[in-house]
Amino acid sequence: MVNSDFSVLRLTEWSLIGSNYDYCLTVSFVGDPDADWLQEHAMDLDEQGHSEEEIVHSVRELVGDEQEDDDGIQIARFVYKRFQFRSQKGSHLGVQIKGAFVTPSKEQKGLARRVYNFLLNWHDHVVCDDHQTVYGARIWAVGMLLVGRVQIYDNLNKEFIDVLVEGGIGQNGVKPWDALLLNSEAQLRHWNPMAVSIDPSSQILTIISKEDRHIEVGVTTFDARSTNH
């Protein structure tokens with residue numbers, strides 16, 4: 001995947017055994033993270049009109065053979081689990097984010113948003129955590145609106161109830177995030193001026209679906225239906 005700063009990143013999904021979560025995704029650099037010339041090469045290709053797939057293949061050819069993953073150059077990790085939900089169309093299976101770590105300098109460039117978008121290459125739906133930090137909530141309230149249509153889901157009544165718009169609120173007035181949960185970190189000032197509910201809303205989730213995203217990102221190199229990613 002090509003990030004917004006034109007660094008080329010490898011996303012690896014690991015199946016977890018004996019864990020409360022089903023998957024862990026690691027994000028690492030392709031090539032030396034300090035090799036500015038690789039980013040300049042990717043930027044030049046982009047300016048020439050090359051596709052993301054062409055940019056990724058070109059950088060990988062320049063770098064040559066690498067290990068599949070390298071703890072020394074990881075810049076982000078995400079854990080998530082399978083999540084089944086219902087709608088008027090029937091039963092659906094997606095993945096629910098349960099934890100994330102992103103190097104701060106990379107998150108300023110929207111890395112988590114792009115990773116969630118990339119996950120839609122492998123999974124039909126991506127669901128927010130039901131216990132979010134302010135950081136995690138802002139990814140959905142702000143960043144995910146750039147990815148596509150974000151629906152608001154009531155996990156207690158098992159139905160979609162609204163569509164998220166700017167300001168952390170649904171177009172019909174539903175507020176997916178409550179002040180008590182966000183204030184638990186004493187970071188509510190980082191949420192303002194977006195809307196918060198005075199009622200507990202941990203049963204309210206935000207969901208983005210593959211069919212609702214605006215544009216695909218990244219290049220996938222495995223069969224999405226395979227058990228080994």
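Details
- Efficiency of FRET between H190 and D46 - r from beta-carbon atoms, R0 45 angstrom, step 0.05: 0.90
- Whole-Hz couplings from phi, Karplus 6.51/-1.76/1.60, listed for region 204-216; x for Gly and Pro: 8, 10, 10, 9, 10, 10, 3, 6, 9, 7, 6, 8, 7
- The chain: angle of helix 36-47 to the longest principal axis, Cα-based, in degrees nearest 10: 80 degrees
- HN-Hα J in Hz across region 4-20 - Karplus 6.51, -1.76, 1.60, θ = phi - 60°, x for Gly and Pro: 5, 8, 6, 6, 9, 10, 9, 10, 10, 9, 10, 7, 9, 10, x, 10, 6
- Region 82-208 shape via C-alpha gyration tensor axes, a/c threshold 1.5: oblate
- Taking a ≥ b ≥ c as the square roots of the eigenvalues of the Cα gyration tensor, the chain is prolate, since a/c reaches 1.5 or more and a/b is larger than b/c.
- From the C-alpha gyration tensor of region 1-97, square roots of 5λ in Å: 32, 18, 10
- Taking amide H as placed 1.01 Å from N in the peptide plane, S197 has its amide H under 5 Å from the amide H of W177, D178, A179, each at least 5 places away in sequence or on another chain.
Values quoted throughout were computed directly from the atomic coordinates according to the rules given, and no laboratory measurement underlies them. Predicted model, so just to flag it, every value in this text is computed and none were measured. As a convention, Cβ positions derive from the backbone with ideal geometry for all residues, glycine included, and neighbour counts pool all protein chains shown.
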